[in-house]
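So the structure is just underneath, and the comments pick up after that.
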Amino acid sequence: MRGDDLKKGASTAIVWLLLLAMPYWLPAIGGYTELGARVVVLGLAAMSLNFLLGYTGVLSFGHAAYFGLGAYGAGMTLKYLVPSTSLSIIVGTLVGTIAAAIIGPMIIRLRGVYFAMVTIAFGQTFYFIAFRWNTVTGGDDGLTGWQRLPLDFVFGQIDILKSSVAFYYLVLVLFAVATGCMAWLLRSPFGRTLLAIRENERRARFLGIPVDQHIWISWVISCCFVSLAGALYALLNNFVDPRALYWSQSGDFVIMAVLGGMRSFWGPLLGAAIFVVLQDYLSSQTQNWMSFVGLFFVLVVLFFPRGVLGIIRRRAAA
Amino acid sequence: MSLLRVENVSKHFGSLVAVNNVSMNVEAGELRAIIGPNGAGKTTFFNLISGFLTPSSGRITFDGEDITALRPARRVWRGMARTFQITEVFPELPVRENLRIAVEVAGGNRLNPWLSRDADGEIRARIVELMDMGGLADKADRLVGELAHGDQRATEIMMSLALKPRLLLLDEPTAGMGDQETYDITQLIRKLHRDQKLTIVLIEHDMRVVFHLADRIMVLAEGEPLAEGTPREIGANEAVQAAYLGTAAAA
Amino acid sequence: MTQLVLFNIFNGLIVGAFYALMALGLSLILNLSGVINFAHGGFLALGGYLAFTLISYVGFWGALILAPFLTAILGLLVERVLIRRVYGRDPLYSLLLTFGLAFIFEDGTRYLWGAQSLPFQVPGWLVTPLSNDYFFLTGYRLFMVLMVAIAVIGLFVILTYTRLGIRIRAGTLDLETVSVLGVNVRILRNLNFGLGVYLAGLAGVLAVGQLGLQPTIGASLIMPSFVAIIVGGLGSLPGTLLGGLLIGVASGVTTVFFPSATEAVMYVMMAAVLLVRPRGLLGEEGRF
């Protein structure tokens with residue numbers, strides 16, 4: 001047990017060191033701060049998905065719906081309501097969370113592939129709304145004419161608009177809160193009931209765990225943090241378009257979780273890093289990057305199902 | 001005092017009648033065995049009692065309360081625990097974690113995002129207590145899926161015990177076990193019955209186990225009740241012999 | 001007014017018949033193998049594009065016959081080489097795999113045939129209306145309905161009277177028993193997949209005559225298939241057929257009164273079904 005705890009502590013420390021110092025080492029190897037921020041935001045999305053997928057064993061393939069709702073919520077707040085970045089984040093997160101809380105009971109009883117199908121379908125519902133309601137959402141052209149605004153504090157102002165480094169640290173703070181919450185929950189008795197549901201749903205039920213209720217709670221928590229990621233994504237790009245709601249975005253999140261390792265806490269973050277960099281590189285090299293991404297999906301499924309951290313873990317054990 | 005009362009319960013699957021008009025009354029503190037040839041509907045009967053299935057007709061009362069329509073988790077809350085024919089545990093978690101989950105849920109901690117130091121200490125103590133009782137202390141950190149069949153079953157029984165049940169349903173606890181393992185599990189069950197004063201209903205095929213443990217026996221055949229009585233009465237019952245061995249043997 | 005409503009209901013029926021055709025293929029594969037073939041739309045698009053290319057060699061009728069078969073052959077290959085590897089595993093992997101394939105198909109068709117819309121030549125006599133009053137009853141539309149009807153009847157015949165069909169139906173209920181009875185389950189799954197993809201390919205050829213041909217046609221048509229299955233019922237082919245038709249008609253009627261909500265209505269139906277009867281209208285209990 002001791003060894004395990006030490007290892008977990010060490011990996012957490014390494015991850016945080018890398019994240020905190022990112023604006024300094026990433027440009028040195030050819031990256032740029034926005035890329036780092038994008039990795040963290042999408043990593044948060046993938047980790048939130050993994051709370052449900054890897055830890056509760058629930059196959060959600062429509063998480064982009066709540067990601068997109070968070071993004072549109074934030075963008076529309078800034079564009080139509082109040083010129084406040086903090087409020088936009090709150091609204092975005094709330095919109096996604098509430099939608100998830102409402103949709104949850106409709107789909108909770110389903111399992112396996114059927115659950116996945118329905119989550120995809122709901123995702124597309126929101127995509128369609130964003131696409132069609134173009135007077136409000138900007139339709140296929142996206143929501144424009146707004147941007148993230150400097151944060152006003154009593155003691156001064158943090159210009160997260162001009163300084164991408166400042167924005168990166170804002171993202172990191174929220175990332176810390178979100179992942180801290182998730183880690184804490186997973187280590188709690190409640191978190192263990194989720195593990196139980198993943199490991200053997202029947203046994204969980206016959207231990208007195210009301211499975212559907214716990215899955216719903218896990219679902220809402222997961223969608224809450226993915227909406228937060230969506231809100232941050234909108235602020236990062238100062239732009240939202242229906243792509244954020246599309247089934248391919250959901251697929252991206254899942255592949256990030258799988259690629260990094262679903263059974264590990266930081267796995268999805270690693271998966272996000274690899275995927276974002278890969279996609280960035282591919283789209284700059286070829287028109288047909290979509291085929292390569294598809295091929296990548298296929299290869300991961302066939303040859304890397306346990307993900308990078310899964311492989312490392314097995315080597316360590318052997 | 002009747003703890004479990006099953007009244008005229010039937011279960012149809014389309015035109016297939018799996019359980020037909022079966023009644024059973026189990027007193028608190030009793031150890032009841034259900035026996036019968038394969039396909040007699042014993043496990044289906046258990047599924048009805050534990051809530052895995054809903055009866056097509058009939059009523060089930062537990063400690064005076066009608067639980068016929070209650071979902072499984074809620075029956076567990078009222079004090080009913082069960083094991084399955086094929087051991088249902090968390091095979092990829094260590095024994096300790098399996099028990100921890102059971103103990104935590106039993107203590108009302110299922111929604112807790114946090115445990116105090118004291119509560120954690122109590123839980124750990126209880127886990128150790130259960131492991132000792134089940135003879136699992138030396139396997140605490142091994143994955144349950146890697147254990148011998150008998151130890152897996154013991155883990156499952158201990159997890160059920162963690163729930164502080166008033167009624168324990170055991171579905172073929174010695175299935176697939178050799179003599180030594182069967183002996184160990186039988187002793188464990190007997191200890192639970194005596195020391196913990198648990199009411200136990202078990203389905204069994206191994207007659208040695210049944211006659212060794214049971215206060216009363218109920219015999220099911222083809223979904224219908226065939227006989228009920230003390231082990232002695234059942235042992236002498238010709239209809240029961242016929243059901244098991246064929247009418248030629250009884251003649 | 002009645003003319004308009006009739007027109008739209010009829011239109012809706014055609015669209016619905018077509019959704020049903022595609023959804024039936026998807027349902028076949030899902031029911032037997034437990035795989036959501038997200039690449040189904042890709043196969044549909046491929047069917048259309050192949051027909052487009054073949055038309056200059058074998059004419060419309062030749063393309064109509066040949067394209068679905070070629071698509072089905074590709075389907076057999078894909079199942080054999082890729083899908084087969086993920087059967088035993090968590091459904092997560094088959095979904096990711098077919099996701100990836102969907103990307104490859106969409107981009108692949110874009111690469112091979114270009115990103116712009118391509119004109120599809122349907123024989124002229126098919127496009128003329130049959131009567132002036134009912135101008136919307138063009139030959140092509142009736143032809144589509146006829147083709148879908150033939151395909152559905154053909155599917156029914158295959159499933160009821162041929163050995164393959166009976167095995168597929170049995171396998172859908174209990175694959176383990178079927179294999180114990182000596183049926184080669186691998187071949188069964190393979191052929192079933194091919195059959196499902198055939199239907200997608202056929203739907204593709206028919207669709208392009210109506211909707212035109214562009215690389216995104218597959219992706220845009222897969223969602224109605226999903227919804228048709230969810231609404232009509234999991235595990236039930238008649239349900240899928242019903243689901244497709246219902247969605248089509250519903251969107252047809254909606255067009256008259258709320259044109260912008262036409263696509264939304266199928267999602268509303270889906271939500272309603274999930275709330276009231278989660279297993280779908282004709283779905284079997286315990287499928288999920």
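How many residues are in a helix (DSSP H, G or I) and either among the β-branched types (Val, Ile, Thr) or within 22 Å of C:SER236 (Cα to Cα) (or both) if we restrict to the stretch C:253-275? Lay out the reasoning, then the answer.
Step one: list which residues in the stretch C:253-275 are in a helix (DSSP H, G or I), which gives C:253-257, C:259-261, C:264-275.
Imposing the further condition that a residue be either among the β-branched types (Val, Ile, Thr) or within 22 Å of C:SER236 (Cα to Cα) (or both) reduces the set to C:253-256, C:265-275.
Adding up the residues that qualify gives 15.
Summed over the stretch A:48-66, the residues that are in contact with a Pro (Cβ under 8 Å, 6 or more places away or on another chain) and modelled with pLDDT of 95 or more give a count of 2. Checking each residue in the stretch B:199-238 for being more than 30 Å from B:LYS164 (Cα to Cα), in contact with a strand residue (DSSP E or B) (Cβ under 6 Å, 6 or more places away or on another chain) and assigned to a helix (DSSP H, G or I) picks out only B:ILE234. The sole residue among A:LEU195, A:LEU174, A:LEU185 that is surrounded by fewer than 22 Cβ atoms within 10 Å (Cβ to Cβ), more than 30 Å from B:GLY108 (Cα to Cα) and touching a residue at least 24 places away in the same chain (Cβ under 8 Å) is A:LEU174. Does the stretch C:177-188 contain any residue that is crowded, with 21+ Cβ neighbours inside 10 Å, in contact with a helix residue (DSSP H, G or I) (Cβ under 7 Å, 6 or more places away or on another chain) and not hydrophobic (A, V, I, L, M, F, W, C)? For the stretch C:177-188, residues crowded, with 21+ Cβ neighbours inside 10 Å, in contact with a helix residue (DSSP H, G or I) (Cβ under 7 Å, 6 or more places away or on another chain) and not hydrophobic (A, V, I, L, M, F, W, C): absent. With touching a Gly at 6+ places or on another chain (Cβ under 6 Å) and at pLDDT 90 or above as the only criterion, which of B:ARG153, B:ARG216, B:ARG166, B:ARG190 stands out? When all the criteria are applied, what remains is B:ARG166. Scan the stretch C:69-125 for residues that are closer than 19 Å to A:ILE255 by Cα, in contact (Cβ under 8 Å) with a residue 60 or more places away in the chain and part of a loop (DSSP other than H, G, I, E, B) and the total you get is 1.
Yes/no per residue for (1) of a type in the set (Asp, Glu); (2) more than 22 Å from the chain's Cα centre (by Cα); (3) over 16 Å from C:GLY34 (Cα atoms):
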{"position": "C:ARG163", "(1), (2), (3)": "no, yes, yes"}
{"position": "C:LEU175", "(1), (2), (3)": "no, yes, no"}
{"position": "C:GLY182", "(1), (2), (3)": "no, yes, yes"}
{"position": "C:LEU188", "(1), (2), (3)": "no, no, no"}
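Can you spot a residue in the stretch C:204-224 that is part of a helix (DSSP H, G or I), touching a residue at least 24 places away in the same chain (Cβ under 8 Å), more than 14 Å from chain A (Cβ to nearest Cβ) and over 14 Å from the mean Cα position of the chain (by Cα)? The answer is yes; a qualifying residue exists.
Take C:PHE52 and tell me if it is among the aromatic types (Phe, Trp, Tyr) and part of a loop (DSSP other than H, G, I, E, B).
Here the answer is no, as C:PHE52 does not meet what is asked.
Residue-level check: of (1) free of Cβ contacts under 8 Å to residues at least 12 places away in the same chain; (2) closer than 17 Å to A:ALA244 by Cβ, A:ARG148 misses just (1).
Here's the yes/no breakdown for (1) within 13 Å of chain A (Cβ to nearest Cβ); (2) surrounded by fewer than 17 Cβ atoms within 10 Å (Cβ to Cβ):
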site: B:VAL95; (1), (2): no, no
site: B:ASN112; (1), (2): yes, no
site: B:GLY121; (1), (2): no, yes
site: B:ILE127; (1), (2): yes, no
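Quick check on A:VAL301: is it within 30 Å of A:THR125 (Cβ to Cβ), in a helix (DSSP H, G or I), touching a His at 6+ places or on another chain (Cβ under 9 Å) and within 12 Å of chain C (Cβ to nearest Cβ)? Answer is no for this residue. Listed by first and then second residue, the pairs linking a residue in the stretch A:60-80 that is away from chain C (no Cβ under 14 Å) to a residue that is aromatic (Phe, Trp, Tyr) and in a helix (DSSP H, G or I), with Cβ atoms under 8 Å apart and 6 or more places separating them unless they lie on different chains, are A:PHE67/A:TYR233; A:PHE67/A:PHE253; A:GLY68/A:PHE126; A:GLY68/A:TYR127; A:LEU69/A:PHE126; A:GLY70/A:TYR233; A:ALA71/A:TYR233. Restricting attention to the stretch B:52-64, the residues being small (Gly, Ala, Ser), at pLDDT 90 or above and in a loop (DSSP other than H, G, I, E, B) number 1. The test for being away from chain C (no Cβ under 14 Å), acidic (Asp, Glu) and over 30 Å from A:LYS8 (Cα atoms) holds for A:ASP241. Considering the stretch B:10-46 alone, what residues qualify as being outside any loop (DSSP other than H, G, I, E, B) and either without any contact (Cβ under 8 Å) to a residue 12 or more places away in the chain or farther than 25 Å from B:VAL209 by Cβ (or both)? Residues satisfying the conditions are B:SER10, B:LYS11, B:HIS12, B:PHE13, B:LEU16, B:VAL17, B:ASN20, B:ASN21.
Conditions (1) within 20 Å of A:PHE61 (Cα to Cα); (2) within 7 Å of another protein chain (Cβ to nearest Cβ); (3) modelled with pLDDT of 95 or more, marked per residue:
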position	(1), (2), (3)
A:ARG187	no, no, no
A:GLY208	no, yes, no
A:ASP212	yes, no, no
A:SER222	yes, no, yes
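Here B:ALA40 fulfils each of the conditions (1) surrounded by 22 or more Cβ atoms within 10 Å (Cβ to Cβ); (2) touching a Phe, Trp or Tyr at 6+ places or on another chain (Cβ under 8 Å); (3) more than 25 Å from B:MET158 (Cα to Cα) apart from (2). In the stretch B:73-93, of all residues being more than 7 Å from every other protein chain (Cβ to nearest Cβ) and in a helix (DSSP H, G or I), the one that is farthest from A:MET182 (Cα to Cα) corresponds to B:ARG75. Looking at C:ILE73 and the list (1) closer than 24 Å to C:PHE193 by Cβ; (2) modelled with pLDDT under 80; (3) not polar (S, T, N, Q), which single condition is not satisfied? So C:ILE73 meets the others, but not (2).
Across the stretch C:276-284, a minimum of one residue is classified as assigned to a helix (DSSP H, G or I) and either of a type in the set (D, E, K, R) or more than 9 Å from chain A (Cβ to nearest Cβ) (or both).
The values are calculated or read from the model by the stated rules, or taken from the named source; none is laboratory data. This is a predicted model, so every value here is computed, not measured. No Cβ is skipped: glycine too gets one built from the backbone with ideal geometry, and neighbour counts run over all protein chains shown.
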